[in-house]
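Q: Provided herewith is a single structure, encoded as structure tokens, for subsequent inquiry.
Laboratory data are not the source of any read-out in this text; all were calculated from the coordinates shown. These figures come from a predicted structure and were not determined experimentally. With ideal geometry, Cβ positions are generated from the backbone for all residues, glycine too; neighbour counts draw on all protein chains shown.
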Ligand SMILES: Cc1cc2nc3c(=O)[nH]c(=O)nc-3n(C[C@H](O)[C@H](O)[C@H](O)COP(=O)(O)OP(=O)(O)OC[C@H]3O[C@@H](n4cnc5c(N)ncnc54)[C@H](O)[C@@H]3O)c2cc1C
């Protein structure tokens, strides 16, 4: 009998896992369950071009309808998985139907963290996770004059930039003392802050929202110092919560996310997890602590690892993390993880807004953030993947050609010299 792979969650990780399983030779049935009505689509444009009106909705689908048909992937829209019966190897759906599986993959992603204060459910309060949210927000942005963005992370800052580009006056509220505090170096935070203030965005740091109050026929966001910011649009970007309930309800190990090993296997060897919902010990973490990564790269690459294991090709997850964000005319691209860096070197021109920050830990290159230098980003991904070790002086020398490290001779890699 043909084997069945059931995948729960039809977004990046789910669609990639289905495609890769086929590509790697899985010949059985593939069922892709998604609780959204729309075919898997690109999420990053939702806070960027889709919100400014420069990225049309018909460009959003990740794969064509023909792809699912040709690859014999049964995509079931508006279908929610509600329970995993591990003893019977069946998954139960919202309508009570059951599907038997030989392999199961959980690619359930994450949902937004909601604002928790009086007035939080007011209709002026918006979130940004899925296409429905984005359509709703884009419509509201057309008539908005004053927006308050709660959260100075990527989603909040991209929304702030998109709104500002449409002439909306924007104030961003951040509880930390700087932007992108969880993911960016202090130097990069300062640069991004400058980019926004230069375009007229106001900031409130170290403040918490305590309420959304009626004000002059509209609303105002009340802060913990008693101040009130009138707004006709409020965008909340205060992080996400991984969708782990299916896993925990069926007794799978959950630790900050659905816990998986290097092959994307959960605590049940027939069940895999990938993407925003999965937590794992990354190969690059010096402390060996488990983490979740919220990025397109991670969703796609981890899905490939899971698909590979499903067809019996055990290849541990070892992809380099990378990420991007577009704000105004700034293309920020990050390669590697700069946590624990001890030095950094700037390459390029900050004045021209074209530069890269090369981060080193104990003289070892660990990450590169690039602003409008896509060629640096692509090179950085190659250097970090092959473990090349330019020195701080070489990186800081604009005449030194870092491409010479792309295919370093073995002895050069071993000695860490050019
Ligand atoms: C506005 C926005 C901008 C972003 N910008 C960037 C960017 O610039 N660069 C970048 O790298 N990343 C960006 N991201 C993050 C990136 O989109 C996510 O990391 C990525 O979508 C994760 O993919 P995933 O498949 O793991 O999960 P998700 O995309 O969250 O998809 C999970 C899917 O599973 C469905 N689901 C959940 N539970 C069930 C169930 N029980 N039954 C059926 N279906 C279920 C969900 O509804 C959802 O459709 C952005 C995200 C957002 C929201």
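Q: Tell me, Kirkwood radius of the range 275-409 from alpha-carbon pair distances, in Å?
A: Computed over Cα pairs of the range 275-409, the Kirkwood hydrodynamic radius comes out at 16.0 Å.
Q: Moving to a separate point now. When DSSP beta bridges are limited to those with both residues in the range 135-219, what percentage is antiparallel, rounded to the nearest 5?
A: 20
Q: Pick out which of 46, 115, 163 has the largest mean-square fluctuation in a Gaussian network model of the chain, springs linking Cα atoms closer than 10 Å.
A: Among 46, 115, 163, the largest mean-square fluctuation in the Gaussian network model of the chain belongs to 115.
Q: Can you give the % of DSSP beta bridges in the chain that are antiparallel, to the nearest 5?
A: 60
Q: Let me ask you something else. Would you please report the Å³ per residue occupied by the convex hull of the alpha carbon atoms in the range 329-415?
A: Value for the range 329-415: 89 Å³ per residue.
Q: Right, next: By how many nm would the segment from residue 136 to residue 406 lengthen if fully extended, with 0.36 nm per residue of separation less the alpha-carbon distance?
A: 92.6 nm
Q: I want to check the label-to-label distance for residue 122 and residue 386. Put each point 7 Å from Cα in the C-beta direction and report it in nm to one decimal.
A: 5.6
Q: Compute the FRET efficiency between residue 69 and residue 342 as 1/(1 + (r/R0)^6), taking r as their Cβ-Cβ distance and R0 = 41 Å, and round to the nearest 0.05. Mind dumping the intermediate values first?
A: Values: r = 53 Å, r/R0 = 1.28.
For residue 69 and residue 342, the calculated efficiency is 0.20.
Q: Here's a follow-up. Show me the three semi-axes of the equivalent ellipsoid for the range 1-146, from the C-alpha gyration tensor (sqrt of 5 times each eigenvalue), largest first, rounded to whole Å.
A: Output for the range 1-146: semi-axes of 33, 20, 10 Å.
Q: I've got another one for you. Once the Cβ-Cβ distance between residue 351 and residue 111 is put in as r, and R0 is 51 Å, what FRET efficiency do you end up with, to the nearest 0.05?
A: The calculated FRET efficiency here is 0.80.
Q: If you average 1/r over every pair of different alpha-carbon atoms in the range 113-190 and take one over that average, what Kirkwood value in Å do you get?
A: Numbers: mean 1/r = 0.0741 Å⁻¹.
The answer is 13.5 Å.
Q: Right, something else. Test of understanding: in a Gaussian network model of the chain with alpha carbons linked when under 10 Å, which of 391, 266, 107 would top the mean-square fluctuation ranking?
A: Largest GNM mean-square fluctuation: 391.
Q: Using alpha-carbon positions, what is the distance between the centroids of the range 270-348 and the range 91-115, in Å?
A: 23
Q: For the residues 94, 42, 196, what sequence is obtained by ranking on other C-beta atoms within 10 Å, fewest first?
A: 94, 42, 196
Q: Counting alpha carbon pairs within less than 8 Å and at least 6 residues apart, what relative contact order, in whole percent, applies to the chain?
A: 14
Q: Mind pulling up the Rg/Rh value for the chain? Radius of gyration and Kirkwood radius, both on Cα.
A: Answer for the chain: 0.99.
Q: Note the full-extension length gain between residue 76 and residue 289 as 0.36 nm times their separation in residues minus their Cα-Cα distance, in nm to one decimal.
A: So the extension gain works out to 73.1 nm.
Q: What ranking of 11, 349 emerges when the number of other C-beta atoms within 10 Å of each C-beta is taken as an exposure proxy, fewest first?
A: Exposure proxy ranking, most exposed first: 349, 11.
Q: Evaluate the Kirkwood expression for the hydrodynamic radius of the range 57-139, namely the inverse of the mean inverse distance over all pairs of different C-alpha atoms, and round to one decimal in Å. Walk me through the numbers before you get to the answer.
A: Numbers: mean 1/r = 0.0608 Å⁻¹.
When all Cα pairs of the range 57-139 are included, the Kirkwood radius is 16.5 Å.
Q: Relative contact order for the range 228-271: what is it in percent, counting Cα pairs under 8 Å that are at least 6 residues apart? Can you show the working numbers first?
A: On the way: 23 pairs, mean separation 10.3, N = 44.
In percent, rounded to a whole number, it is 23.
Q: How much length would be gained if the chain were fully extended between residue 23 and residue 253, taking 0.36 nm per residue of separation minus their Cα-Cα distance, in nm to one decimal? Mind dumping the intermediate values first?
A: Details: separation 230, 0.36 × 230 = 82.80 nm, distance 2.93 nm.
So the chain would gain 79.9 nm between residue 23 and residue 253.
Q: Can I ask one more? Express the Stokes-Einstein translational diffusion coefficient of the range 292-349 in µm² s⁻¹, to the nearest whole number, given a Kirkwood radius over alpha-carbon pairs, 20 °C and a viscosity of 1.002 mPa s.
A: Using the Kirkwood radius from Cα pairs, D works out to 153 µm²/s.
Q: Would you list 7, 155, 293 from fewest to most Cβ contacts within 10 Å?
A: Working: 7 32, 155 24, 293 19.
Lowest count first: 293, 155, 7.
Q: Related question: Which shape class, rounded, prolate or oblate, goes with the range 183-233 when its Cα gyration tensor gives a ≥ b ≥ c as root eigenvalues, a/c under 1.5 marks rounded, and past that a/b bigger than b/c marks prolate? The partial results should precede the final answer.
A: On the way: a/c = 3.51, a/b = 1.99, b/c = 1.77.
Taking the square roots of the gyration eigenvalues as a ≥ b ≥ c, the range 183-233 is prolate.
Q: How high is the relative contact order of the range 114-238? Use alpha-carbon pairs under 8 Å, at least six apart in sequence, and give a whole percent.
A: After rounding, I find 36 percent.
Q: Sticking with this structure for a sec: If you build a Gaussian network model of the chain, linking Cα atoms that sit under 10 Å apart, which residue out of 95, 298, 243 swings the most?
A: 95
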